[in-house]
Structures are given as structure tokens and as C-alpha cells.
Amino acid sequence: MKHLRNKLEAGALAVLLAVSLPVLADDPNTVSGDKTTDMVVDVLVVRPLGLATTVIGAVLTVVALPFTIPSGSVKESAEMMIVNPAEYTFKRPLGEFETRD
């Protein structure tokens with residue numbers, strides 16, 4: 001009898017979740033429609049890519065120094081290749097992909 005009750009409770013919970021998920025997925029403030037999915041994608045894909053972009057930008061900035069020092073554009077170059085990717089990676093809230101300017 002207890003086994004049957006557990007199955008009924010699990011079935012009722014499954015139906016409740018199936019009915020409520022489409023409502024939860026209609027969040028207009030998300031990219032995928034679900035804030036949790038946005039956060040997972042952000043942690044597993046976007047943040048590591050942002051970190052890699054920041055590191056590559058730092059290397060490229062050093063490589064470009066012989067060209068940017070004479071032209072006086074070291075600050076602009078560093079901002080575009082290091083600061084912007086670092087801010088996008090570390091300063092924005094988790095799951096929010098738009099920048100606030």
C-alpha cells in the first residue's frame with residue numbers, strides 16, 4: 001500500500017511540474033526562457049570563454065606593445081583587449097548576458 005502511495009505522489013508531482021514549467025519558461029528577462037538554464041550556460045560556457053579571452057587579450061596586448069607605445073594607444077588597447085573582457089567575465093551578475101553601460 002505504501003509503495004502505491006509513493007508512486008501516486010511521484011506521479012502527481014511530475015504532473016504538477018509538467019504543468020508549471022511552461023509558465024516558468026516564459027521569463028522575458030532571460031535568453032533561453034529559463035533563468036536557471038541561463039546561469040548554468042553562463043558558468044559552464046560563457047565565463048570560461050571570458051577568462052580565456054581575458055588571458056589571450058593580455059598576451060596580445062604585450063605582443064602589440066612595440067606598435068602601441070609609439071602611437072600612444074597602449075591604454076586603449078589594454079582596455080579593449082583586457083579590461084572589457086575581464087569586466088564581462090567577473091563583474092556582471094550570473095546569468096545576465098547584456099552589459100550595462
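Listed values, structure above:
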{"item": "Top-ranked residue of segment 41-86 - restricted to ones that are modelled with pLDDT of 95 or more and of a type in the set (Asp, Glu), ranked as nearest to Val31 (Cα to Cα)", "result": "Glu79"}
{"item": "Conditions (1) outside any loop (DSSP other than H, G, I, E, B); (2) surrounded by 13 or more Cβ atoms within 10 Å (Cβ to Cβ); number of the one not met by Gly95", "result": "(1)"}
{"item": "Helices (runs of 4 or more DSSP H) wholly inside segment 30-85 containing at least 1 residues that are more than 19 Å from Glu98 (Cβ to Cβ)", "result": "47-71, 74-78"}
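The values are calculated or read from the model by the stated rules, or taken from the named source; none is laboratory data. Keep in mind that this is a model prediction, so the values were computed, not measured. For neighbour counting, all protein chains shown are included, and Cβ atoms are generated from backbone atoms with ideal geometry for every residue, glycine included.
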